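To keep things clear, I will list the structure first and then write my remarks on it.
Derivation of every value follows stated rules applied to the coordinates shown; laboratory data play no part. All of these numbers come straight from a predicted model, not from anything done at the bench. So basically every Cβ, Gly included, is an ideal-geometry build from the backbone, and we count neighbours across all protein chains shown.
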Amino acid sequence: MTLEVDWLPFDRLSGREVHDVLQLRSRVFVVEQACAFLDADGVDPKCWHALGREGEVLVATARIVPPGLKYEEPAIGRVVTAPEVRRTGAGRALMSSAIAQVQRLYPGQRIRLGAQRYLEKFYGSFGFAPSGEPYDEDGIPHIEMLRG
C-alpha cells in the first residue's frame with residue numbers, strides 16, 4: 001500500500017482531523033488493547049501530528065513531542081495503525097516519516113520513544129535501542145528507547 005503522510009502542528013488540524021486522530025487512537029489503544037487511560041493528556045496541542053491516509057481514510061497517526069515537554073529529547077509517540085492496514089508496510093512508512101520529520105524539526109538531536117515491549121524489535125529496526133528498564137504503563141509492558 002502507499003501511505004500518504006502529512007504532518008501538521010495541532011493548531012492547523014481541522015476539527016474533523018482531530019476527531020479522526022482521537023477516534024483511531026481510541027479504537028486501538030482503548031478498545032482493541034482493552035486499556036482504559038486518558039489519551040487526551042494535554043500534550044497534543046504542543047505536538048506535530050501525522051495524518052497517514054489511504055485515500056481519504058485516516059489509517060495511521062503519530063505525534064512528535066517537542067524536546068523538554070516529556071523528555072529532554074524530541075519524542076515520537078501515539079504511533080498507531082488501523083488493524084486493516086497492518087502488515088502492509090503502513091507502520092514502517094509512518095515511522096520513516098516520523099523520523100524524517102523529527103530530523104527536519106530538530107536536526108542533530110537524538111529521538112526518544114516509549115515502546116510497548118512487543119514492538120521493541122520493530123523500533124530497533126529503525127535504530128532505536130532500549131534506554132532504561134522495562135516499566136508498566138496502564139497495565140501494558142513498555143520500554144523507553146533512544147535513537148542517535
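Pair-distance distribution P(r) for the range 47-93, from all Cα-Cα distances in 5 Å bins starting at 0: 5, 22, 26, 19, 13, 9, 6, 0 percent. Residues Phe37, Phe10 in ascending order of nearby Cβ atoms (within 10 Å, fewest first): Phe37, Phe10.
Note on the chain: Kirkwood hydrodynamic radius from all Cα pairs is 15.5 Å, rounded to one decimal.
The label-point distance for Gln116 and Lys46, in a model that sets each label 7 Å from Cα toward Cβ, rounds to 2.6 nm. Residue exposure proxy: Tyr123, Tyr106, Tyr135, ordered by other Cβ atoms within 10 angstrom of their Cβ from fewest to most, comes out as Tyr135, Tyr106, Tyr123.
Computed over the range 4-110, relative contact order equals 26 percent, with contacts defined as Cα pairs under 8 Å that lie 6+ residues apart. Placing unit charges on each Cβ (+1 for Lys and Arg, -1 for Asp and Glu) gives the chain a dipole about its Cα centre, and among His142, Met95, Thr81 the Cα reaching farthest toward its positive end belongs to Met95. The gain in end-to-end length when the Val18 to Thr88 segment is fully stretched comes to 22.7 nm, 0.36 nm per residue minus the alpha carbon separation. Put a dot 7 Å past the Cα of Ala36, heading toward its Cβ, do the same for Ser125, and the two dots end up 3.5 nm apart.
When each of Thr81, Thr88, Thr2 is scored by the number of other beta-carbon atoms lying within 10 Å, the sequence from fewest to most is Thr2, Thr88, Thr81.
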